[in-house]
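Visitor: This structure is in structure tokens; I'll ask about it shortly.
The values are calculated or read from the model by the stated rules, or taken from the named source; none is laboratory data. Here the structure is a predicted model, which means the values were calculated and not measured. Neighbour counts are summed over all protein chains in view; Cβ atoms, including those assigned to glycine, are modelled from backbone coordinates with ideal geometry.
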Amino acid sequence: MKTFKTIFTILLAAFTIISCSGDDGTDGVDGAQGAQGAAGTANVIYSSWINAPAGTPETIDGTYGLSTTISVPQLTADIMSKGTVLVYMTFGSGTNVFPLAYTSTAGGSINTITAISSLNTIKLFRFKHANDGTTVALPASLNWRYILIPGGVAAATSKAAKVDYSKMSYEEVCARFNIQP
């Protein structure tokens, strides 16, 4: 009987060790793959509010107006070809922010203030729609801000739709990129 008890104890111990191994059971089914996240925003570049120099008379594409240029050293050829350049203005108080191009009736005429991007600079240009050889001033109270969004994954290789930041409000752009308005 002693032999039976010893064999029984050994078998019971072996059975307990084997039944407690971590390899028992089957793996669960993997969950569905999540959607691709948005491209990172770590490289977004934005300016503080800038009081641009006074405008000087200029004719662009046959349209007379006033222009002033802001130096933007970070505006590279790569950003211009693959990214997005957004320019905003405010009338000094900062409470109402307008994306450029901005059209209004000022000085009794319909006129537009627009931004023209080129390598390392953004030109701000105000012209009257009448194109009568006169223009409306770019007042010193106007403040400007730019946001440069470098290009990410090419749209042809991305499953996510490309975001059109120009259709977003200033507040939405600031919130998306964690920019202090």
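Visitor: Keeping to the range 48-93, report how many residues are assigned to a strand (DSSP E or B) and either in contact with an Asp or Glu (Cβ under 6 Å, 6 or more places away or on another chain) or not aliphatic (A, V, I, L, M) (or both).
Guide: Selection size over the range 48-93: 14.
Visitor: I would also like to ask the following. Of the residues that sit in the range 154-171 and are of a type in the set (D, E, K, R) and under 12 Å from residue 99 (Cα atoms), which one is modelled with the highest pLDDT?
Guide: Selected residue: 171.
Visitor: List pairs: first residue in the range 153-181 and among the hydrophobic types (A, V, I, L, M, F, W, C), second residue modelled with pLDDT of 80 or more and part of a loop (DSSP other than H, G, I, E, B) anywhere in the structure, Cβ distance under 7 angstrom, at least six positions apart or on different chains.
Guide: Listed by first residue and then by second, the contacts come to 177/44.
Visitor: So, one more: Tell me which of these residue 151 doesn't satisfy, since it passes every other one: (1) modelled with pLDDT of 90 or more; (2) touching a helix residue (DSSP H, G or I) at 6+ places or on another chain (Cβ under 7 Å); (3) of a type outside the set (S, T, N, Q).
Guide: All conditions are met except number (1).
Visitor: Are any residues in the range 44-76 crowded, with 16+ Cβ neighbours inside 10 Å, among the small types (Gly, Ala, Ser) and closer than 13 Å to residue 118 by Cβ, and if so, which ones?
Guide: 67
Visitor: Could you list, in sequence order, all residues of the range 124-153 that are buried (at least 16 other Cβ atoms within 10 Å of the Cβ) and among the charged types (D, E, K, R)?
Guide: 126, 128, 145
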